[in-house]
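Below are the structure tokens for one structure; questions will follow.
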Amino acid sequence: SDADVRFIKTLPPIRNGSGYATIEGQSYTMVLDAGQITPPKGGSIDMAGSVFSVLDILQKPAQAEIRLKTKSTLTAALSLLDEKPFNFLTKAGRPVELGEGRAEVSAVLRLPLVKKVLPQDVSYRVEGVLQDVRSNVLVPGRVLTAAQLSLLATPAGLEISGPGAIGAVPFEAIYRLPFGKAAQGRSEVSGTVELSPRTIDEFRIALPKGAVKGAGKGQFTLDLPKGAPAVLTLTSDLSGLELAVPQILWRKGAGTRGTLDLTARLGKPVAVERLRLAAPGLTAEGRVTLREDGQLERISLTRAEVADWFKGPIDLIGRGKGRAVGLEVRGGTLDLRRLPDAMGGATTEAEDDGPITARLDRVQITESI
């Protein structure tokens with residue numbers, strides 16, 4: 001009772017400990033019923049239920065197994081895991097203040113009982129549950145929340161996985177933080193995310209109003225290099241999404257599938273560096289440029305095919321919030337014989353129609369003109 005116990009030289013000692021120890025045959029076991037560790041940051045950690053054991057005290061050198069059970073704030077748990085022999089966050093060049101929340105972590109460490117224990121002599125596996133997580137660090141510039149996430153750490157790296165939300169957008173993903181010099185502090189998030197109007201709003205991809213309705217899913221990877229904007233790659237079959245570009249008389253219903261490939265750099269503003277959309281009646285490739293305030297500046301499509309009546313490059317020009325985009329046709333061919341009589345069911349919520357300018361290479365008006 002009232003014991004201070006140092007179980008690994010490099011970790012803070014357990015204070016105010018109580019419990020019991022036994023020697024049975026050739027095995028030694030010490031069980032902690034109560035006690036706390038105070039790492040550099042995040043407050044104290046409850047260590048009740050932790051066990052120190054030596055299976056064979058006659059072995060030379062003896063091998064110890066330490067089973068830690070901890071309850072604490074998320075910051076305290078990560079702060080402890082950033083001490084030697086772990087140094088999880090330091091190895092990755094990340095702060096221990098990754099977010100707010102509670103953590104229940106179990107760790108198994110094995111090491112020889114010798115006078116000088118080197119980091120490479122210690123093997124470990126850390127597993128835990130993180131609850132009520134909130135972070136604006138994991139995804140820079142965005143608030144990530146989750147009711148419960150799983151944590152796994154080994155000498156190879158740290159993984160945090162489970163369902164959550166970025167802002168208002170639901171996702172299910174895994175965050176990987178590899179260790180070692182080769183990683184250079186780079187981490188990534190990958191998984192599935194909801195695609196809907198609120199996704200467009202959250203990431204400030206200022207597409208024309210009414211261009212996206214419904215909800216679908218996308219598979220994404222978010223590359224998080226140290227000291228640089230995150231890079232998002234996203235693919236989807238567009239099922240469940242209703243898409244419309246009224247200016248080129250096109251609409252995709254929610255029950256129709258297609259293909260979306262997108263690469264965006266999530267700086268300020270967001271820059272969609274690659275956009276490819278393929279669906280019945282439309283194929284488009286290009287990029288999206290946003291203004292500093294996040295409003296659409298230009299969607300530059302280097303290749304666009306609309307049904308069987310248009311093929312060529314198109315620019316959609318932003319004209320401010322709530323206004324229809326302007327349309328610039330920069331070449332290509334237009335076949336008026338196959339032009340739809342109506343808007344094909346597509347509608348716009350904009351209050352006005354945007355201007356259209358065209359510099360076409362060829363226009364087919366009738367069979368002979």
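With every protein chain kept in place and ligands, DNA and RNA left out, what is the accessible area per residue of the chain? Probe 1.4 Å, answer in Å². Can you show the working numbers first?
Working: 18790 Å² over 369 residues.
I get 51 Å² per residue for the chain.
What are the principal axis extents of the Cα atoms in the range 158-279, in Å, biggest first?
52, 27, 24
Can you list the residues of the range 72-89 with backbone N under 17 Å from a point 7 Å past the Cα of residue 145, pointing along Cα to Cβ?
none
Next question, about the same structure. Report residue 353's accessible area, 1.4 Å probe, all protein chains in place, as a number in Å² to the nearest 10.
Its accessible surface works out to 130 Å², give or take rounding.
Further question on the same structure: Report ³J(HN,Hα) in whole Hz for each residue of the range 153-161, in order, from the Karplus equation J = 6.51 cos²θ - 1.76 cosθ + 1.60 where θ = phi - 60°; Gly and Pro get x.
9, 9, x, 7, x, 10, 10, 10, 9
Cα extents of the range 263-310 along the three principal axes, largest first, in whole Å?
Between the extreme Cα coordinates on each principal axis of the range 263-310 lie 38, 17, 15 Å.
Let me ask you something else. What share of all Cα pairs of the range 135-178, in percent, falls into each consecutive 5 Å distance bin?
6, 22, 29, 25, 13, 5, 1
Next up: What's the local net charge at residue 15, with K and R +1, D and E -1, over the other residues with C-beta under 11 Å away?
-1
To the nearest µm²/s, what D does Stokes-Einstein give for the range 161-206 at 4 °C and 1.567 mPa s, using the Kirkwood radius over alpha carbon pairs as Rh?
Translational diffusion coefficient: 107 µm²/s.
Now for a separate question. Starting from the Kirkwood radius over alpha-carbon pairs of the range 74-123, derive D by Stokes-Einstein at 10 °C in a medium of 1.306 mPa s and give it in µm² s⁻¹.
Numbers: Rh = 12.2 Å.
Value of D from the Cα-based Kirkwood radius: 130 µm²/s.
Something else now. Can you give the Rg to Rh ratio of the range 96-163, both from alpha-carbon atoms, with Rh computed by the Kirkwood formula?
Computed over Cα atoms, the ratio is 1.10.
Cα convex hull of the range 247-338: how many Å³ per residue? Before the final figure, lay out the partial values.
Working: hull volume 9.7 nm³, N = 92.
Dividing the Cα hull volume of the range 247-338 by its residues yields 106 Å³.
If you don't mind, there's one more thing I want to ask. For the range 40-92, state the average projected area of the convex hull of the C-alpha atoms over all orientations, rounded to one decimal in nm².
Result: a mean projected hull area of 4.7 nm².
Given H placed on each backbone N at 1.01 Å, which residues far from residue 250 in sequence or on other chains put an amide H within less than 5 Å of it?
Amide H to amide H, under 5 Å and 5 or more residues apart or across chains, residue 250 pairs with 245.
Using only Cα atoms, locate the centre of the range 61-90 and the centre of the range 115-189, then give the distance between them in Å, rounded to an integer.
Cα centres, the range 61-90 to the range 115-189: 14 Å.
What is the mean projected area of the alpha carbon convex hull for the chain, to one decimal in square nanometres?
22.9 nm²
If you wrap a convex hull around the Cα atoms of the range 1-114, how much volume per residue is inside, in Å³?
It comes to 92 Å³ per residue, whole-number rounded.
Averaging the inverse of every distinct alpha carbon separation and then flipping it gives the Kirkwood radius. What is it for the range 223-298, in angstrom units?
The Cα-based Kirkwood calculation yields 13.7 Å.
Report the Stokes-Einstein translational diffusion coefficient (µm² s⁻¹, integer) for the range 140-229, Rh taken as the Kirkwood radius over Cα pairs, at 37 °C with viscosity 0.692 mPa s.
Numbers: Rh = 14.4 Å.
Estimated diffusion coefficient is 227 µm²/s.
By how many nm would the segment from residue 159 to residue 356 grow when fully extended, if each residue of separation counts as 0.36 nm and the alpha-carbon distance is taken off?
Contour length minus Cα-Cα distance gives 65.9 nm.
With contacts defined as alpha carbon pairs under 8 Å and 6 or more residues apart, what's the relative contact order of the chain in percent?
That works out to 7 percent.
Per the 1.4 Å probe, what fraction of the accessible area of the range 55-118, in percent, lies on carbon and sulfur atoms? Don't jump to the answer; show the numbers that get you there.
On the way: 1770 of 3220 Å².
Carbon-and-sulfur percentage of accessible area, whole number: 55.
OK, next. Provide the net charge surrounding residue 113, with neighbours chosen by a C-beta distance below 15 Å and charges set as Lys +1, Arg +1, Asp -1, Glu -1.
+3
If you stretched the chain out fully between residue 131 and residue 100, how much longer would it get, using 0.36 nm times the residue separation minus the C-alpha to C-alpha distance?
On the way: separation 31, 0.36 × 31 = 11.16 nm, distance 0.91 nm.
Between residue 131 and residue 100, full extension yields an extra 10.2 nm.
Below 15 angstrom from the Cβ of residue 224, what's the summed charge of the other residues (Lys, Arg +1; Asp, Glu -1)? Provide the component values of the computation, followed by the final result.
Working: positive: 94, 142, 176, 186, 226, 265; negative: 159, 188, 223.
Once all neighbours under 15 Å are counted, the net charge is +3.
Something else: Name the most mobile residue of 135, 123, 161, meaning the one with the largest mean-square fluctuation, in a Gaussian network model of the chain with Cα contacts below 10 Å.
123
The values are calculated or read from the model by the stated rules, or taken from the named source; none is laboratory data. Quick caveat: nothing in here was measured; it's all calculated off a predicted structure. Neighbour counts run over all protein chains shown; Cβ positions are idealised from the backbone, glycine included. Each accessible area value is taken on the protein alone, full model and side chains, heavy atoms only, with ligands, DNA and RNA left out. Shrake-Rupley method; radii C 1.70, N 1.55, O 1.52, S 1.80 Å.
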